[in-house]
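As structure tokens, the structure follows; a few thoughts come after it.
The values are calculated or read from the model by the stated rules, or taken from the named source; none is laboratory data. In this text the structure is predicted, and so the values were computed from the model without any measurement. With ideal geometry, Cβ positions are generated from the backbone for all residues, glycine too; neighbour counts draw on all protein chains shown.
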């Protein structure tokens, strides 16, 4: 029988007994207000054939001890570009697996919502999107049964293999073996079509399957009589035809939601102080918590961002001053998260990050928003450094790179950024050079992402600035520096 994976780490009380009173106090301080939804835009809706889950209901919905259902869970972040790109394929998968819904449920949990961030720590996840299979024998304490590949073409077969130990009808009949059933389907291994129909008809028709020796794509169907004898009942190579032969109704599948966002482009707007602060707060309140503040690289990256952004947000300066150079090695998981939440609260940060955007507003809640705000934040910091002077302001690019690689909630985006920024010099750049380096990097990223599903049709990823905003920028680097310094000096 398939075993379940326990959430990573030993019980904290056993590991850190001397720190237990402090940790309990911090946990109480961090959770006293209860879980709160951040109101981030969802990539999915029930019409996509999925169940929208909240961490608070996850235990009762998925890990109910009396359940017989299996679960496929996707943990995602609504602002993650890769999650947005993946959502189309996942909706098609959910529609394809809809006929299995009496045995397999598909759930999604959006960790962009602050109340759901604990799902990452509970399941021991380090990136999104993550796909998890939860078998009926898994408990809340034991976690999930298997982490699954993201390739949706492989998932139906993989899920059938995982469910087979719990659903005896999915086991193939041996040659010459008889069965008390209505129909026997013969199909070459892995028998995805036959086994899928068995799940679909589990409570309506008694079906079994046998692996055929030939490689013919068609599934041969035999009707089984009361005395155990069987007779050919036709063949077909698609599920709809087989349903007609068996006498099953065609399932009414949900129609996946499409992107109906307006496609008329809008003119770019300069960043606002409100957007910069929203991005900074979300970076520290949400992303650092998801990445795990107990990890030394995450802690250092968070501390450096707080120090760098102190001129924009006094709370960031207070946070940086309160942060030690490193956390004790014993603090990890929920313990480090509690310490982090306590430091944020003491420094004046809100419990949940704001999710209202001005210049970074997208045509849909999951477009632009936080990633746009984060870009604008670091561009603005390079402009501020140039105006302040190299001798006063610290370099921006190394801090930005460390944060995105180690803390950004879209782990694949972080890996892409690491590759894109590999040309970052080891020695700090002068402020002017740094301003231009980040500008060129952002344009390279825009060129790569243009036309991808994560692109907002109202805000296409074009080379910036367009000639309409800066006619001289195509010919003069000085004009580019002058324009960027003015554009990224945000005022509300």
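Below is a table of values for the structure above.
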{"quantity": "Any hit, segment 376-389, residues being within 22 Å of residue 288 (Cβ to Cβ) and either outside any helix (DSSP H, G or I) or without any contact (Cβ under 8 Å) to a residue 60 or more places away in the chain (or both)", "calculated": "no"}
{"quantity": "Looking only at segment 73-99, and only at residues there that are in a loop (DSSP other than H, G, I, E, B) and within 10 Å of the chain's Cα centre (by Cα), the one that is farthest from residue 415 (Cα to Cα)", "calculated": "78"}
{"quantity": "Criterion violated by residue 336 - all others in (1) under 22 Å from residue 125 (Cβ atoms); (2) buried (at least 23 other Cβ atoms within 10 Å of the Cβ); (3) touching a helix residue (DSSP H, G or I) at 6+ places or on another chain (Cβ under 6 Å) satisfied", "calculated": "(3)"}
{"quantity": "Single unsatisfied condition, residue 24 versus (1) in a helix (DSSP H, G or I); (2) modelled with pLDDT under 75; (3) touching a helix residue (DSSP H, G or I) at 6+ places or on another chain (Cβ under 7 Å)", "calculated": "(3)"}
{"quantity": "Any hit, segment 333-352, residues being on the phi > 0 side of the Ramachandran plot, assigned by TED's automatic domain parsing to the domain that holds residue 288 and at pLDDT 85 or above", "calculated": "yes"}
{"quantity": "Per-region count, segment 372-406, residues more than 19 Å from residue 425 (Cβ to Cβ) and either under 29 Å from the mean Cα position of the chain (by Cα) or not assigned by TED's automatic domain parsing to the domain that holds residue 422 (or both)", "calculated": "8"}
{"quantity": "Which numbered condition residue 67 misses (of (1) within 22 Å of residue 198 (Cα to Cα); (2) buried (at least 23 other Cβ atoms within 10 Å of the Cβ); (3) at pLDDT below 95)", "calculated": "(2)"}
{"quantity": "Helices (runs of 4 or more DSSP H) (entirely within segment 280-329) containing at least 1 residues that are over 27 Å from the mean Cα position of the chain (by Cα) and surrounded by fewer than 21 Cβ atoms within 10 Å (Cβ to Cβ)", "calculated": "296-308, 314-322"}
{"quantity": "Criterion: surrounded by 17 or more Cβ atoms within 10 Å (Cβ to Cβ) and more than 23 Å from residue 291 (Cα to Cα) - qualifying residue of 450, 431", "calculated": "431"}
{"quantity": "Flag if residue 160 is outside any loop (DSSP other than H, G, I, E, B), surrounded by 17 or more Cβ atoms within 10 Å (Cβ to Cβ), at pLDDT 90 or above and in contact with a strand residue (DSSP E or B) (Cβ under 6 Å, 6 or more places away or on another chain)", "calculated": "no"}
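Matching residues to (1) in contact with a helix residue (DSSP H, G or I) (Cβ under 6 Å, 6 or more places away or on another chain); (2) part of a helix (DSSP H, G or I); (3) in contact (Cβ under 8 Å) with a residue 12 or more places away in the chain:
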residue: 434; (1), (2), (3): yes, yes, yes
residue: 440; (1), (2), (3): no, yes, no
residue: 451; (1), (2), (3): no, no, no
residue: 456; (1), (2), (3): no, no, yes
residue: 462; (1), (2), (3): no, no, yes
residue: 467; (1), (2), (3): no, no, no
residue: 473; (1), (2), (3): yes, no, no
residue: 480; (1), (2), (3): no, yes, yes
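Residue-by-condition table, conditions (1) in the same structural domain as residue 206 (by TED's automatic domain parsing); (2) part of a loop (DSSP other than H, G, I, E, B); (3) more than 18 Å from the chain's Cα centre (by Cα):
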| site | (1), (2), (3) |
| --- | --- |
| 128 | no, yes, no |
| 131 | no, no, no |
| 136 | no, yes, yes |
| 152 | no, yes, no |
| 156 | no, no, yes |
